[in-house]
1. Pick out, from A94, V253, P263, the residue whose Cα sits farthest towards the positive end of the charge dipole of the chain, with +1 on the Cβ of Lys and Arg and -1 on the Cβ of Asp and Glu.
2. Using the per-residue mean of other Cβ atoms lying within 10 Å as a proxy for protection, in what order, highest first, do the peptides 278-289, 143-154, 327-338 fall?
3. Assigning unit charges at the beta carbon (Lys, Arg +1; Asp, Glu -1) and nothing else, what dipole magnitude in debye, to the nearest 20, does segment 107-234 show about its Cα centre?
4. Order by neighbour count: R23, R138, R167, fewest other Cβ atoms within 10 Å first, most last.
5. Length gain on complete extension for the stretch Q38 to R118, per 0.36 nm per residue less the alpha carbon to alpha carbon distance?
6. Would you work out which of V179, L126, L197 lies farthest towards the positive end of the dipole of segment 125-373, given +1 charges on the beta-carbon of Lys and Arg and -1 on that of Asp and Glu, about the Cα centre?
7. What is the spin-label model distance, in nm, from S151 to M327 if the labels are put 7 Å beyond Cα along the C-beta direction?
8. Work out which helices of the chain, taken as complete DSSP H runs, extend at least 15 Å along their axis over the Cα atoms and score a mean Kyte-Doolittle of 0.5 or more, then list them.
Amino acid sequence: MHKRTAMLVSGFTIAVTGLSLIRSRSAWVRVADFPRLQIALLGTAALAHAAWRWRAVRRARHDVGEHAVDRPRSARSSSGAERAERIVTTSLVAAVVYQWLRIWRYTPLAPVEVESSRNGSTRGSLRILESNVRLSNRDADALIALVHEHSPDVVLCAETDDWWCERLEVLADAYPHTVAVPLDNTYGLVLRSRLPLADASVDFLTDSEVPSIQAKVRLRDGTWVWLNCVHPKPPAPGKEDDSLQRDSELMLVAKRVRDASLPAIVFGDLNDVAWSRTTRLFQKISGLLDPRKGRGFFSTFHAKVPGFRFPLDHFFHTPDFRLVNLMRLSPIGSDHFPMFIELSHEPDGAVAQPPVDDDTEDWEDARETLEQAGA
């Protein structure tokens, strides 16, 4: 890495890290939450270059020998540049450490938040395939092939219009229970299930153009599970309180599942990364667990841009589930990869894997978000 390039990378890493510390709903600020992995890797590379360079400089000084009394003016003036480099390097170290601390829970180095299943029976399991199909994508066959291959119990598709609803009708025999909200604004949803559904409803929590779906699904052992399917709007640059709609919708869902009397699962394209402040607050308020922690990033967007991907598609569930399987599936022509999860309902898990406790500040933040949204 060239010295000038290394300095530019260092400055960029420090600036984006500082931007992410600002408490603002502006999309230009909140976007700094997304590329933490990429920023951490760039910053680490810049640090490696800085370490190599300082070692080379020290070796050169040792070989040549420096005598402060005889140093020419140009050499003395270079000490100012060296001090500036030290300041940048120190700031870079702090930025890189901060970035890794924010994302390390989603690496295999961290302990898992959700234990692996201890139940050999499938009667209490639930298999879910979730996919943002992309409204303009017209390769329905690729998605349907994945459904046949992985045989989920429940299929959730986002960004579905009438065309997609018609194509998904080929699943009707195997998945007769359905809730469909076709829209041409990229916020349509389709929920299909081979297991019985009850009390299904469509809500428009914070925006008349953005639906969410609630339904109860009955597992093979007779257990009812409350499904909450969401796809809130992403932060929109140039608007006041750019991320308010997304944040408030997630807080409303968090509040309503917190005291659920049934096992509950929240899933969908949340248009937010797993390690953002909003998603972490959602987890603390809802009391739900994230099965990715300790297992991997499972980045789903952008499917067509390797190296620049973020985990936007999520599964959260109550502690009375353990994990059987979690996978990112092969591409289907969308800008999102589909996700697949198999959970096992094991009530003793609620004791073995309790959720993170919230605190007064969490509830104040949630209330402030909802008040600003008028919800």
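Here, each number is a calculation from the coordinates, and none is a lab measurement. Quick caveat: nothing in here was measured; it's all calculated off a predicted structure. Quick reminder, even Gly has a Cβ in these numbers, built from the backbone with ideal geometry, and neighbours come from all protein chains shown.
1. Going by the charge dipole, the pick is A94.
2. Ranked from most to least packed, the peptides come out as 278-289, 327-338, 143-154.
3. 540
4. R23, R138, R167
5. Taking 0.36 nm per residue and subtracting the Cα distance, the gain is 25.2 nm.
6. L126
7. For S151 paired with M327, the spin-label model returns 1.3 nm.
8. Those that clear 15 Å and a mean of 0.5 are 3-20, 140-150.
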